[in-house]
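Beneath this line is the structure, given in structure tokens, with notes to follow.
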Amino acid sequence: MPSKAFEVGDNFDALRFLFATCVAVFHFVALTGGPSLAFTAGWLSLGAELSVAGFFVLSGYLVLGSFQRSKNLREYAEKRFRRLYPAYAAIILICAAGALLVSAPSRNDLAAVAKYLGANLLFLNFLAPTLPGVFEDNRLQAVNGALWTLKIEVAFYGLLPLIAIAAEKLRDAKWLLFGTLYIVAEIWRATFHSAGGAFAVLAHQLPGQMSYFITGMALWEARKHFQPGRLTAALGLAVLTASLFLTPLESSRAGALGILVIALANAPRPRFKFERRADISYGIYIVHFPIIQAIHAISGQIPIWIQACLSGMLIFGVASLSWRFLERPLLYSGSHYKTRAAGAA
């Protein structure tokens, strides 16, 4: 039994917060190019990659639960839309408005701004990643390069009901379905990754990332009979570590990471309640890139640690405001954040 200083499970928000922060730290180093931080870039890149994969595992696990609790497909779609799109659209619109305000090239090329809005609002960020005159002197010119994962997330939201319904009809044979999808995803990833060049980009898209989602879904379905504990978490960590160094084990990475992530999500932990009142992880993820870009464009000559402090304060501040005034008010009425608040009241 956990001690009174600890409680069981519900570390999902804390993990998302950690993953989002890891991605933000990596992007800070990549975008600012601080020489004093260059030695950490490789490890931070790996941490960011595993953090994104961890997000996908949690999505598979939690979104399948959300689908099963939904009364119908419409309610499921509404919940996904409310949680993801309003804040996403807001950051796209704010960046475009900011460009029109401060950049004469943007004001002189409204067609390019319109293209940016149209492509990005439809999750097609790769079609228009930049705005005229914005961040042109930075190391990278993309306005918000972190948003590429959102189209994968949305595509998964669309596929999940089909997979879930098929799994329900297959009953015990659903494990064969999950396994098949996992293997297909890994074959896709390995094939395009080995091809290199432009093909390597496809390795990181669907279905290349499906193995992480499927692992999360499978662990949700197995939760009543199998909950990863300390031993399985240690095994998952060992296999995950080995997969980073041994090519033949790369295909096991998604499964190992999934077991580790879900074990941590349900593990006893010290009682701290900050993430129960606010989930700013999504806000951190969608706002950090343009904030770092803007700080570096304005203050590129000041010490890197000052840029880091300014960026961190703005990222957490804006993410908190996004949660307080945009994300939380628009959540579906049955969201656990709203039910918790009602219970506390």
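The values are calculated or read from the model by the stated rules, or taken from the named source; none is laboratory data. Since the model is a prediction, treat every value here as computed from it, not as a measurement. FYI the Cβ positions are ideal-geometry reconstructions off the backbone, even for glycines, and counts take in every protein chain you see.
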* Structure fact -> Across (1) modelled with pLDDT under 95; (2) closer than 23 Å to L62 by Cβ; (3) not polar (S, T, N, Q), I165 clears everything bar (1)
* Structure fact -> Restricting attention to segment 42-98, the residues that are hydroxyl-bearing (S, T, Y), within 20 Å of F325 (Cβ to Cβ) and touching a helix residue (DSSP H, G or I) at 6+ places or on another chain (Cβ under 8 Å) number exactly 1
* From the residues in segment 177-212 that are aliphatic (A, V, I, L, M) and assigned to a loop (DSSP other than H, G, I, E, B), which one is farthest from A48 (Cα to Cα)? -> A198
* To do: Return yes or no: is A256 over 25 Å from N11 (Cα atoms), touching a helix residue (DSSP H, G or I) at 6+ places or on another chain (Cβ under 8 Å), part of a helix (DSSP H, G or I) and small (G, A, S)?
  => no
* Asked: Is there a residue in segment 68-88 that is closer than 24 Å to I259 by Cα and not small (G, A, S)?
  -> yes
* Got a number for residues in segment 240-253 being outside any loop (DSSP other than H, G, I, E, B) and over 22 Å from the mean Cα position of the chain (by Cα)? -> 4
* Structure fact -> (1) in contact with a helix residue (DSSP H, G or I) (Cβ under 9 Å, 6 or more places away or on another chain); (2) at pLDDT 95 or above; (3) within 28 Å of F226 (Cα to Cα); (4) of a type outside the set (D, E, K, R) all hold for N11 apart from (2)
* To do: Mind listing just one residue for me: the one in segment 221-239 that is in contact (Cβ under 8 Å) with a residue 24 or more places away in the chain and assigned to a helix (DSSP H, G or I) and, of those, nearest to T191 (Cα to Cα)?
  => G236
* Asked: Mind checking whether some residue in segment 179-192 is closer than 17 Å to S66 by Cβ, surrounded by fewer than 19 Cβ atoms within 10 Å (Cβ to Cβ) and not basic (K, R)?
  -> no
